[in-house]
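*Asks:* Before I ask anything, here is the structure I am working with.
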Amino acid sequence: MKAYFEESDIRLDEFEAICKQSADLADYPLATAVQKNIVIYDGEKLRGMLDENEAVIRAEWIRCLKDGPGVFVIKGAYAETAVIDEMTVVFQQIVAQEKASKGEGGDHFGQNERIWNAIQKPCEIAPELFIEYYGNPFLALASKAWLGPYYQITAQMNSVKPGNKAQSPHRDYHLGFQNRATTAHFPAHVQVMSQYLTLQGAIAHGDMPLEMGPTLFLPFSQQYEAGYLTFHDEEFRAYFDAHKVQLPLEKGDMVYFSPALFHGAGENLGTTDRIANLVQISSAFGRPMETVNRSKIVEKVYPILLDKVEQGVISTRLVNDTVAAMADGYSFPTNLDSDPPIGGNVPVTAQQLVHEALGQKRPLTDLMQSLAAHAERRTA
Ligand SMILES: [Fe+2]
């Protein structure tokens with residue numbers, strides 16, 4: 001593998017060859033069907049074999065997500081769909097409260113309803129329901145299969161209104177949120193590895209026939225290594241449009257897919273809202289070993305840096321490299337209600353605030369206020 005992907009590494013013909021594969025039911029002995037290259041499992045059957053055969057299920061799911069089509073569905077993932085209905089009521093309550101308190105919130109793909117942090121908010125309202133809903137064995141098993149133990153779950157509820165247009169095809173968090181120029185700075189091996197740090201899932205909160213626009217997928221597309229650089233490209237989008245697949249879902253079904261799979265929400269041509277809870281599970285490995293109070297470091301170092309910048313006795317390289325060691329350079333994790341992205345998918349970082357302050361030669365007290373406000377709005 002090259003150190004970095006370049007323009008010349010981007011090849012639609014290679015992408016096509018990958019996406020032309022087909023999934024064979026014989027490779028997935030626990031599945032009940034393969035439809036449109038999506039592997040389908042029966043929740044009832046899996047529940048019956050969980051205690052004795054957990055490792056076998058995990059191995060099959062890993063094969064599907066990594067070397068197979070990259071997406072599978074569990075039909076009837078909850079023994080009782082009443083759990084889903086109860087959670088839908090809680091979600092509606094949260095949406096109503098948020099609308100009343102802050103007006104129509106900022107959703108980044110149209111006039112829909114979205115609940116950020118749909119794991120903590122319902123838990124605060126209905127902790128018993130949390131056990132039945134988020135304690136679901138398949139949520140745990142899929143997470144453990146893809147990420148290993150110590151994973152962390154986050155969730156966002158999406159309610160998509162009738163008439164809402166389809167989403168552009170994309171890959172998901174992490175690199176799916178960055179623009180192409182930023183992605184290109186990440187070495188090729190890091191781009192490929194990043195898909196192993198998260199798992200995407202969705203829990204259907206109602207029946208979703210095709211006309212309601214359940215998620216569109218391009219099976220096998222997660223296997224294309226340079227894909228984080230190409231999902232914005234016209235020719236790749238056109239290929240997605242020509243070959244995307246979609247399965248109807250029913251209330252209580254779950255879908256899991258590799259974050260590197262090309263996908264997008266479909267157009268809702270139905271008459272009712274399409275409600276899904278999108279779960280995103282993160283590997284334990286995205287975190288450093290120690291906690292560091294970076295604001296203390298900024299407090300000590302910034303005045304010296306500013307002084308040197310004002311005197312013109314420090315190189316831009318040394319400023320940049322020092323800021324990279326001082327402050328947090330990544331936008332996540334954050335509270336997306338109070339720290340929304342501005343003009344893109346990624347909220348401002350502490351490093352950006354330090355650079356901005358240095359550029360404007362602002363005093364330390366000013367910067368510390370900005371950083372405190374920044375930290376505050378990132379808290380859940
Ligand atoms: Fe997505």
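*Asks:* Given DSSP loops and a limit of at most 15 other Cβ atoms within 10 Å, what is the longest stretch of the chain that contains no such GluC sites (Glu not before Pro)?
*Replies:* The reported range is 105-249.
*Asks:* When the scattering of the stretch 294-377 is computed by the Debye formula from its Cα atoms alone, each counted once and equally, what is log10 I(q)/I(0) at q = 0.14, 0.15, 0.19, 0.23 Å⁻¹?
*Replies:* Normalising to I(0) and taking log10 leaves -0.47, -0.53, -0.82, -1.12.
*Asks:* On full extension of the chain, what length is gained from Ala181 through Asn53, given 0.36 nm per residue of separation minus the C-alpha to C-alpha distance? Intermediate results must be reported in sequence, preceding the final value.
*Replies:* Values: separation 128, 0.36 × 128 = 46.08 nm, distance 4.45 nm.
Separation in residues times 0.36 nm, less the Cα-Cα distance, equals 41.6 nm.
*Asks:* If you wrap a convex hull around the alpha carbons of the stretch 152-251, what volume per residue comes out, as a whole number of Å³?
*Replies:* Details: hull volume 12.3 nm³, N = 100.
Per residue, the Cα convex hull of the stretch 152-251 comes to 123 Å³.
*Asks:* So what's the net charge close to Gly76: Lys and Arg +1, Asp and Glu -1, counting the other residues with Cβ under 13 Å from its Cβ? Don't skip to the answer; put the middle values down first.
*Replies:* Working: positive: Lys45, Arg47, Lys75, Lys251; negative: Asp42, Glu44, Glu80, Asp207, Glu250, Asp253.
Around Gly76, the surrounding residues sum to -2.
*Asks:* Still on this structure: How large is ³J(HN,Hα), in whole Hz, for each residue of the stretch 208-219 in order, when computed from phi with the Karplus curve 6.51 cos²θ - 1.76 cosθ + 1.60 and θ = phi - 60°, using x for Gly and Pro?
*Replies:* Using θ = phi - 60°, the values come out as 10, x, 3, 5, 8, x, x, 3, 8, 10, 10, x Hz.
*Asks:* In deg cm²/dmol and to the nearest 500, what is the mean residue ellipticity at 222 nm of the chain if only DSSP H runs of at least 4 residues count, each as -39500 (n - 2.57), divided by the residue total?
*Replies:* Values: 13 runs with 153 residues, N = 380.
After summing the helix terms and dividing by the residues of the chain, the value is -12500 deg cm²/dmol.
*Asks:* Follow-up question, since we're still on this one. Given H placed on each backbone N at 1.01 Å, which residues far from Gly70 in sequence or on other chains put an amide H within less than 5 Å of it?
*Replies:* Those lying under 5 Å, H to H, from Gly70 are Leu65, Phe220.
*Asks:* Take the residue pairs Lys99/Lys144; Lys20/Lys165; Lys36/Lys102; Lys161/Lys244; Lys121/Lys165; Lys45/Lys244 and return only those whose Cα atoms are more than 31 Å apart. Provide the component values of the computation, followed by the final result.
*Replies:* Details: Lys99/Lys144 36 Å; Lys20/Lys165 27 Å; Lys36/Lys102 42 Å; Lys161/Lys244 22 Å; Lys121/Lys165 28 Å; Lys45/Lys244 29 Å.
Checking Cα-Cα distances, Lys99/Lys144; Lys36/Lys102 exceed 31 Å.
*Asks:* Between the DSSP loop rule and a limit of at most 12 other Cβ atoms within 10 Å, which trypsin sites (Lys or Arg not before Pro) in the stretch 292-345 are left? Mind showing how you got there, number by number?
*Replies:* Values: sites: Arg294, Lys296, Lys300, Lys308, Arg317; in loops: none.
Sites meeting the loop and neighbour criteria: none at all.
*Asks:* Taking Cα atoms, how many degrees apart are the long axis of helix 82-102 and the longest axis of the chain, rounded to 10 and kept between 0 and 90?
*Replies:* Rounded to the nearest ten degrees, it is 30.
*Asks:* Return the equivalent ellipsoid semi-axes of the stretch 79-162 as a descending list in whole Å, where each equals the square root of 5 times an eigenvalue of the C-alpha gyration tensor.
*Replies:* On the way: eigenvalues 123, 49, 29 Å².
Semi-axes (√(5λ), whole Å): 25, 16, 12.
*Asks:* Could you give the nm distance between label points at Ile125 and Glu290, where each point is 7 Å from its Cα heading toward the beta carbon?
*Replies:* Label at Ile125, label at Glu290, 4.3 nm between them.
*Asks:* Then there is this: Place +1 on the Cβ of every Lys and Arg and -1 on the Cβ of every Asp and Glu in the stretch 294-377, take the dipole about the Cα centre, and give the residue among Ala350, Leu364, Gly312 whose Cα lies farthest towards its positive end.
*Replies:* Gly312
*Asks:* So how tilted is helix 234-243 from the main axis of the chain? Cα-based, degrees 0 to 90, rounded to 10.
*Replies:* That works out to roughly 20 degrees.
*Asks:* Suppose every Lys and Arg Cβ carries +1 and every Asp and Glu Cβ carries -1, with no other charges. What dipole size does the stretch 7-286 come out with about its Cα centre, to the nearest 20 debye?
*Replies:* Working: 22 positive and 36 negative charges, 68 e Å.
Dipole of the stretch 7-286, to the nearest 20 debye: 320 debye.
*Asks:* Please work out the Kirkwood hydrodynamic radius for the stretch 1-158, using every pair of different C-alpha atoms, and report it in angstroms with one decimal place.
*Replies:* Answer for the stretch 1-158: a Kirkwood hydrodynamic radius of 18.7 Å.
*Asks:* Another one. Working from the alpha-carbon coordinates of the stretch 90-239, get Rg over Rh, Rh being the Kirkwood radius.
*Replies:* 0.98
*Asks:* Between Glu6 and Ile314, how high is the FRET efficiency from 1/(1 + (r/R0)^6) when r is the Cβ-Cβ distance and R₀ = 25 Å? Nearest 0.05.
*Replies:* Values: r = 33 Å, r/R0 = 1.32.
Efficiency at R0 = 25 Å is approximately 0.15.
*Asks:* Next up: Tell me the angle of helix 316-326 to the major Cα principal axis of the chain, expressed in degrees between 0 and 90 and rounded to the nearest ten.
*Replies:* Tilt of helix 316-326: around 60 degrees.
*Asks:* Taking the Cβ-Cβ separation of Thr271 and Ile62 as r and a Förster radius of 56 Å, what is the calculated FRET efficiency to the nearest 0.05? Present the calculation step by step, with values, prior to reporting the outcome.
*Replies:* Numbers: r = 39 Å, r/R0 = 0.70.
Approximately 0.90, to the nearest 0.05.
*Asks:* Would you kindly calculate the mean projected area, averaged across all directions, of the convex hull enclosing the Cα atoms of the chain, in square nanometres?
*Replies:* On the way: hull surface 82.8 nm².
Directional mean of the projected Cα hull area for the chain stands at 20.7 nm².
*Asks:* Still on this structure, please answer the following. With the full set of protein chains in place, find how many percent of the accessible area of the stretch 250-380 is carbon and sulfur; take the probe as 1.4 Å.
*Replies:* On the way: 3780 of 6990 Å².
Carbon-and-sulfur percentage of accessible area, whole number: 54.
*Asks:* What's the percent breakdown of Cα-Cα distances in the stretch 126-170 across 5 Å bins, shortest bin first?
*Replies:* 5, 15, 17, 19, 13, 15, 13, 3, 0
*Asks:* Right, next: Once you put a point 7 Å from the Cα of Ala100 and another 7 Å from the Cα of Glu14, both along the Cβ direction, what distance in nm separates them?
*Replies:* 5.6
*Asks:* Here is a follow-up. Need the C-alpha centroid separation for the stretch 213-272 versus the stretch 3-70, integer Å.
*Replies:* 14
The values are calculated or read from the model by the stated rules, or taken from the named source; none is laboratory data. Computed from a predicted model, the values in this text were never measured in an experiment. With ideal geometry, Cβ positions are generated from the backbone for all residues, glycine too; neighbour counts draw on all protein chains shown. Surface accessibility is based on the protein's heavy atoms, side chains included, excluding ligands, DNA and RNA. Shrake-Rupley method; radii C 1.70, N 1.55, O 1.52, S 1.80 Å.
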